[in-house]
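One structure below.
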Amino acid sequence: MAQRSGLGTAAPAAQSRETGGRAGRGALAGWAALVAGCFAVGAVLHGLGVLRIDHLPPLHAHFRVLTVTLLPAAAFAVVAVRNLPRWVGRGGFRRALFIAYGFALAWTFLLAISADGPAAPLTHPQEYLAVLPSVGQDPLGWLAGFTERLPGYPTHVRGHPPLPVLVVWASAAVGLGGPLWAAIEVILVGCSATVAIGLTVRRLAGEAAARRALPYLALTPVSVWIATTMDAFFAGVGAWGVALLLLGRGTTARTWCAAGAGVLLGALPYLSYGLVPYLVIPVTAALLVRLPRQAVLAALAGAAAVTCAFAIAGFSWLAGVAATHAQWAGDPGAARPYLYFLVANVGVLALVTGPATTAGLVRAGRHLLRCPAGGRVPLPGIVSAVPDLARRHGAAAVVAAALVAVLALDVSGVTRGEVERIWVPFAVWIGLAAAYAPGRRTLAAQVVTGLLLQGLVLSPW
């Protein structure tokens, strides 16, 4: 007999259980050691006064203890772990996507209301809504003078391009103003990444793989920051950009979908400067499906249209990058120790994606490279395995692309702390790896991680 391992290939059942068990235990131990080590070193650095602005490093947060208010989320988690894999595994795929999206919304909302509610993070005076009075009724005039007026804006506005402010301004202009409506918008769009990534996985690896991934996408620990950091909105926009790039039947539909994907993906650098490496993900997906030339051109045209629109309106992206970098260089965050956060940022990524993701990455790597537990893989073996990985495991390839993007940002040194929110658009993709180690225990480990993060971490986002 053979069994399916994670998102892909068959392996002898007894050997798979033995190897997978050892690899899973080792992965969990490594995950715990990395996370605990980052917090331990961070506590020492904070005690020495090296990290004054971070009270719970590597997180930009404080410690707290939630009790009874977390019970509704905990009760929901029990129901979700027991039933969600079964419910998304049967019936039509649209039904499965709808169920997964519903669970993602409920999980995210219940986590948020266990503390101060979903709108609370967006009421902070350094958030995007605080600058809306300066936009007034002239968004184009505000956009044209954005770079020159940057030093006088709140922290989050100074650290980002102007599009996030324009998004919340547009919502207010149609009668959906205020932090509550902004929070609802962020959660709806952020949780929709579950659907978009599910569609992408089905296109790359088949429907069975997508169904296995949906519970992990819906119940990801990073949901703590999907409610409600604006980076969750970025995650939804990026995920739908990738999905639309691969959707469409027939030449006409595919071209229009690709053009829409180009608009969404072209908007990412105007939502956050740090999302430029994110574009490795759609490029990888396009290469895997051998996107037709006409669709490629349509996507490039859509992205170019976004760039032209901002340029005509008077905003230079390069000038914005330079101005933001100048602001960042003078901020206390730039003085954080590079070497600590080089490692600690990876620890935060492991934390927000959960232990099942680490276990899935280890299990997938050993299986794909045909490496026994505890064995060593020579470099030529890794190199020769890459094309095979991309050909037979498209979902794993986009996970790898997301990891490359994160590592590029990490090494650059511009992400020194506060990455629990910055990693959100990447974490929703990397979390796909958890489906390589499927099971009720691994899904339970994910929701327990989310509950502990919500219950013990007081985050400004």
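Among the listed residues T358, T324, which satisfies the condition of being crowded, with 19+ Cβ neighbours inside 10 Å, farther than 26 Å from Y153 by Cβ and of a type in the set (S, T, N, Q)?
Just a single option satisfies the conditions, and that option is T358.
Out of A27, A43, A77, A61, report the one residue that is modelled with pLDDT of 90 or more and under 21 Å from L443 (Cβ atoms).
A77 is the lone residue from the list that is modelled with pLDDT of 90 or more and under 21 Å from L443 (Cβ atoms).
Filter region 27-84 down to residues that are of a type in the set (S, T, N, Q) and either closer than 22 Å to A359 by Cα or assigned to a helix (DSSP H, G or I) (or both), then give me how many there are.
The number of residues fulfilling the criteria is 2.
Let's see how each residue does on (1) over 21 Å from L453 (Cβ atoms); (2) touching a Cys at 6+ places or on another chain (Cβ under 7 Å); (3) crowded, with 20+ Cβ neighbours inside 10 Å:
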| site | (1), (2), (3) |
| --- | --- |
| I53 | no, no, no |
| H60 | no, no, yes |
| P121 | no, no, yes |
| Y128 | yes, no, yes |
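If I ask for residues that are in a helix (DSSP H, G or I) and either under 21 Å from L407 (Cα atoms) or among the aromatic types (F, W, Y) (or both), which ones from region 330-340 would you list?
G333, A334, A335, Y338, L339, Y340
What number of residues in region 271-285 are out of contact with any Phe, Trp or Tyr (no Cβ under 8 Å at 6 or more places or on another chain) and not in a helix (DSSP H, G or I)?
The total comes to 0.
Evaluate the following for G21: is it modelled with pLDDT under 95, over 19 Å from P438 (Cα atoms) and not acidic (D, E)?
Criteria not met by G21.
Please state which one of L271, L264, L349 is surrounded by 19 or more Cβ atoms within 10 Å (Cβ to Cβ), modelled with pLDDT of 95 or more and in contact with a Pro (Cβ under 9 Å, 6 or more places away or on another chain).
It is L271.
Given the criterion of a type in the set (G, A, S), in contact with a Phe, Trp or Tyr (Cβ under 9 Å, 6 or more places away or on another chain), assigned to a helix (DSSP H, G or I) and buried (at least 24 other Cβ atoms within 10 Å of the Cβ), identify the matching residue among A243, A258, A210.
Within the list A243, A258, A210, the selection yields A210.
Counting only residues that are of a type in the set (S, T, Y) and either at positive phi or modelled with pLDDT of 95 or more (or both), how many does region 230-261 have?
Summing the residues that are of a type in the set (S, T, Y) and either at positive phi or modelled with pLDDT of 95 or more (or both) in region 230-261 gives 1.
The values are calculated or read from the model by the stated rules, or taken from the named source; none is laboratory data. Only a predicted model underlies this, so the values are computations on that prediction, with no experimental measurement involved. Because the Cβ atoms are built from the backbone with ideal geometry, glycine has one as well, and the counts that use them run over all protein chains shown.
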